[in-house]
Amino acid sequence: MKPSFHARLLNGPFDDPCLYVRIVREGMALMFDAGFTVNLSARDILKTTDIFISHTHIDHFIGFDNILRVSLKKETPLRFYGPEGFTDRIEGKLRSYTWNLIGDYPLVLEVSEVTDKFIKRASFKAQNYFKREESEAELSDSTIMKGSFFRVSAAILDHQVQCLAFSLDEDFHINIDKDKLDKMNLPVGPWLGEFKKAIREGLTDSVFSIKGKSRTFAELREIANITKGQKISYVVDALGSKENIRKIIELVKGSDVLYIETFFMDKDKDRAKERCHLTAKMAGSIARDAGVGRIEPVHFSPRYIDEPEALIKEAEEEFTRQL
């Protein structure tokens with residue numbers, strides 16, 4: 001199965017967190033947290049449509065300025081999502097600069113602030129010199145963004161401040177059977193994108209023009225195999241409380257890959273509690289109980305700079321431990 005999501009961490013485990021996810025064949029990308037982002041090319045930044053910020057501690061949000069600098073001439077909106085108080089943080093960033101010469105710039109920042117009950121919307125337009133414009137709040141559930149074939153969900157965790165964890169779910173995956181294409185003498189081409197869209201939207205009366213000949217949806221249906229969609233989850237900076245762990249497991253359940261902080265080792269669990277972080281053992285236990293396919297430990301405390309493998313080993317051992 002060719003994945004729909006190509007994910008990569010921008011920085012090492014001791015550096016600022018940032019997960020970049022390219023949506024294959026959509027010409028777009030998502031970003032989870034925006035730590036140090038100078039390793040991301042301008043081209044990749046401009047492909048980014050939606051940025052999900054767990055919280056605004058500096059190591060998760062410092063990259064905002066670089067992203068903004070590259071995106072000033074961006075023709076399409078750049079959407080941000082963050083926890084309670086997030087809109088104020090965006091506004092504070094924007095107010096720190098002088099904008100007297102940007103009235104003809106196209107950039108629009110659309111900001112969604114996720115709270116327990118509502119998603120509060122605001123926008124900042126370059127043509128209005130990034131003055132804050134509020135819109136009506138919407139009732140909130142776990143889904144905070146919907147794409148053409150995927151959704152992003154969030155859980156609000158306790159890190160002494162509110163911190164969001166995220167999951168990215170593909171509705172289902174469509175595999176095109178190349179052997180059946182060949183048998184029907186059908187070429188690969190843009191029409192396949194239209195065909196997949198018809199499947200996702202239930203447009204069973206669609207007709208497609210292929211090599212000058214009309215083909216109905218019913219004629220083509222057998223070339224597609226429907227399988228379980230891909231799921232990627234991202235969890236950082238959370239107190240290892242029972243309530244947080246319950247929320248995380250519910251959010252990330254069944255993920256193909258779970259990117260999760262392993263900030264401290266279990267021997268330092270008292271320090272982890274003081275600093276409101278997970279231990280590697282907790283991360284492994286969460287991944288096991290949530291039935292994820294693979295765990296990707298991220299976001300290590302600098303105290304383990306000489307033994308990063310110890311954190312990875314502790315998480316993996318707990319993940320694979322037989323109960």
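Values as computed for the structure displayed
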read-out	value
Search result, residues across region 155-205 that are at pLDDT 90 or above and on the phi > 0 side of the Ramachandran plot	Gln160
Considering residues of region 3-37 that are touching a residue at least 60 places away in the same chain (Cβ under 8 Å) and charged (D, E, K, R) only, the residue surrounded by the fewest Cβ atoms within 10 Å (Cβ to Cβ)	Arg25
Wholly enclosed strands (runs of 3 or more DSSP E) of region 1-45 bearing at least 3 residues over 19 Å from Phe80 (Cβ atoms)	5-9
Test: residue in region 106-125 that is over 21 Å from the mean Cα position of the chain (by Cα) and not in a loop (DSSP other than H, G, I, E, B)	yes
Residue in region 59-92 that is nearest to Val38 (Cα to Cα), counting only those that are surrounded by 16 or more Cβ atoms within 10 Å (Cβ to Cβ) and among the small types (Gly, Ala, Ser)	Gly63
Region 62-86, residues that are part of a loop (DSSP other than H, G, I, E, B) and over 22 Å from Thr143 (Cα atoms)	Ile62, Gly63, Leu72, Lys73, Lys74, Glu75, Thr76
Condition check for Phe208: at pLDDT 85 or above, out of contact with any Phe, Trp or Tyr (no Cβ under 6 Å at 6 or more places or on another chain) and not β-branched (Val, Ile, Thr)	no
Pairs, first farther than 14 Å from Gly284 by Cα and hydroxyl-bearing (Ser, Thr, Tyr) in region 294-305, second at pLDDT 95 or above and outside any strand (DSSP E or B), C-beta under 6 Å, six or more apart	Ser301/Phe263; Tyr304/Leu311
Pick from region 128-182, criterion free of Cβ contacts under 8 Å to residues at least 40 places away in the same chain, touching a strand residue (DSSP E or B) at 6+ places or on another chain (Cβ under 6 Å) and part of a strand (DSSP E or B), ranking: nearest to Glu222 (Cα to Cα)	Arg151
From Ala315, Ala272, Ala287, residue being of a type outside the set (D, E, K, R), more than 23 Å from the chain's Cα centre (by Cα), at pLDDT 95 or above and assigned to a helix (DSSP H, G or I)	Ala272
Test: Leu220 is more than 23 Å from Pro83 (Cβ to Cβ), assigned to a helix (DSSP H, G or I) and hydrophobic (A, V, I, L, M, F, W, C)	yes
Checklist (1) assigned to a loop (DSSP other than H, G, I, E, B); (2) under 22 Å from His277 (Cβ atoms) applied to Asp59, failing item	(1)
All positions within region 172-190 that are over 21 Å from Val207 (Cβ atoms) and among the hydrophobic types (A, V, I, L, M, F, W, C)	Phe172
Any hit, region 87-98, residues being in contact (Cβ under 8 Å) with a residue 24 or more places away in the chain and assigned to a loop (DSSP other than H, G, I, E, B)	no
Sole exception among (1) part of a helix (DSSP H, G or I); (2) modelled with pLDDT under 85; (3) closer than 28 Å to Ala155 by Cα; (4) of a type outside the set (Phe, Trp, Tyr) for Glu243, by number	(2)
Complete set of residues in region 246-265 that are buried (at least 24 other Cβ atoms within 10 Å of the Cβ) and in a helix (DSSP H, G or I)	Ile248, Val252
Filter result for Thr227 (at negative phi, touching a residue at least 60 places away in the same chain (Cβ under 8 Å) and of a type outside the set (Phe, Trp, Tyr))	yes
Residue identified as more than 16 Å from Asp237 (Cβ to Cβ), out of contact with any strand residue (DSSP E or B) (no Cβ under 7 Å at 6 or more places or on another chain) and at pLDDT 95 or above among Ser123, Ser71, Ser112, Ser96	Ser96
Filter pass, Asp50 being assigned to a helix (DSSP H, G or I), surrounded by 14 or more Cβ atoms within 10 Å (Cβ to Cβ) and of a type in the set (D, E, K, R)	no
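The values are calculated or read from the model by the stated rules, or taken from the named source; none is laboratory data. What you see is a predicted model, and the numbers here were worked out from it, not measured in a lab. All Cβ positions, even for glycine, are placed from backbone atoms using ideal geometry, and neighbour counts span all protein chains on display.
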